[in-house]
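Data block below; observations after.
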Amino acid sequence: MREKLQIAGRVFQSRLIFGTGGFTSLKVMGDALKQTGAEMVTVAMRRVDPMAGGSILEVIESAGCDILPNTAGCYTAADAVFTARMAREALGTEWIKLEVIGDDKTLLPDGPELLAAAETLVDEGFIVLPYTNDDPILAKRLEQVGCAAVMPLGSPIGSGAGIRNPYNLAIILENAGVPVVLDAGIGTASHATIAMELGCDAVLVASSISRAKDPVRMAMAMKMAVESGRLAHEAGRIPQRLYAEASSPTEGMPEYNRDG
Amino acid sequence: MNLKLNGEQRRVEAGSSIPDVLAILGFEVTRGVAVAVDGEVIPRSGWDSFLIRDGMQIEVLRAVQGG
């Protein structure tokens, strides 16, 4: 029996969390979403023209997915807490992907603000999934204040640069008592596989699918990549060596005629 | 009275309710919409009875695509 992803008591069949940012249309988004098999889907909260066509909620719900609102674009704990409260009221969910960023060039998390917001939201009964730096100490602190998972970045949001610090990620994984979701930086399928091979419990994939030339095809690739990486992790890889280790038997070799 | 509605100054009739304000913005369906007044989230159950006063700042947010 294979172990399933479990966050805050909710069991997921899929280890891929689907980010909806960057799709050119709701149709493409919906088609890509179905290919991934994801069960949890992010949304942002914004002022919006009510006349703007289409409802993202309908697309997500028709795919049978849970909604994970985020606090993207917030620079302070206060703004993130406000956005989370608005999301809870609008969408009727306690779940929140907490993002508090430090600047708009790197979109890297602001550690002190993030931790403060996490603490407040946990106290208010939210299920907090913080987007965090690949910093083992901050990840531990977030867990200690009651976050349901930690979501370290592989590299900056939308950079597609993969996992820049697998060593820090390994430390986060070793220390974590809650699920670790790799968030941000995945550019292509192999990055998702590496995250899962390293032992991440899930990955959050957005731009790599939505901004691919063919998002629906990339969605298929990501589903397989996540599954492959997880299987490889469970199977237990061979150790890396500097020198070769023969795979064919060294016993029973014939005596070769080396004179002729 | 004057309100700041999603960052824009708007003039509305005195005694307008939150549903009135949402109608001004053009919301026909208010599912998935949250409203805050002066930074405080107003639960849907309190929309009809909430007394909007001159100079209040109202934010209306809803879910959009975002990672």
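In table form, for the structure just shown:
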item	result
In the range A:27-46, the residues that are more than 20 Å from A:CYS74 (Cβ to Cβ) and facing chain B (nearest Cβ under 8 Å)	A:MET29
Residues (touching a Lys or Arg at 6+ places or on another chain (Cβ under 6 Å) and more than 10 Å from chain A (Cβ to nearest Cβ)) located in the range B:17-67	B:GLN57
The range A:138-151: number of residues that are farther than 19 Å from A:VAL203 by Cβ and either out of contact with any helix residue (DSSP H, G or I) (no Cβ under 9 Å at 6 or more places or on another chain) or among the charged types (D, E, K, R) (or both)	3
Residue satisfying all of: in the range A:70-93; assigned to a helix (DSSP H, G or I) and β-branched (Val, Ile, Thr); surrounded by the most Cβ atoms within 10 Å (Cβ to Cβ) among these	A:THR83
Subset of the range A:1-13 (residues that are in contact (Cβ under 8 Å) with a residue 60 or more places away in the chain and closer than 17 Å to A:ILE67 by Cα)	A:LEU5, A:GLN6, A:ILE7, A:ALA8, A:PHE12
Subset of the range A:79-93 (residues that are more than 9 Å from chain B (Cβ to nearest Cβ), more than 21 Å from the chain's Cα centre (by Cα) and among the aliphatic types (A, V, I, L, M))	A:VAL81
Tabulated pairs, the range A:168-193, first at pLDDT 95 or above, second among the β-branched types (Val, Ile, Thr) and in a helix (DSSP H, G or I), C-beta under 7 angstrom, 6+ apart or interchain	A:VAL180/A:ILE172; A:ALA192/A:VAL226
Subset of the range B:1-26 that is surrounded by 14 or more Cβ atoms within 10 Å (Cβ to Cβ) and among the basic types (Lys, Arg) - its residue that is nearest to the chain's Cα centre (by Cα)	B:LYS4
Filter pass, B:ASP48 being at positive phi, loosely packed, with under 14 Cβ neighbours inside 10 Å and touching a residue at least 12 places away in the same chain (Cβ under 8 Å)	no
Residue pairs meeting the criteria (Cβ under 6 Å; at least 6 apart or on separate chains; first of a type in the set (S, T, N, Q), in the range A:147-164; second crowded, with 24+ Cβ neighbours inside 10 Å)	A:SER155/A:GLY185; A:SER159/A:GLY185
Selected residue [touching a strand residue (DSSP E or B) at 6+ places or on another chain (Cβ under 7 Å), more than 9 Å from every other protein chain (Cβ to nearest Cβ) and either part of a helix (DSSP H, G or I) or among the aliphatic types (A, V, I, L, M) (or both)] from A:ILE60, A:ILE96, A:ILE67	A:ILE96
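Okay, residues lined up against (1) within 23 Å of B:LEU5 (Cα to Cα); (2) crowded, with 18+ Cβ neighbours inside 10 Å:
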| residue | (1), (2) |
| --- | --- |
| A:GLU39 | no, yes |
| A:ARG46 | yes, no |
| A:ASP49 | yes, no |
| A:GLY64 | no, no |
| A:ILE67 | no, yes |
| A:GLU99 | no, yes |
| A:ILE137 | no, no |
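The values are calculated or read from the model by the stated rules, or taken from the named source; none is laboratory data. Note that the structure is predicted; figures quoted are calculated from it, not measured. Positions of Cβ are backbone-derived with ideal geometry, glycine not excepted, and every protein chain shown enters the neighbour counts.
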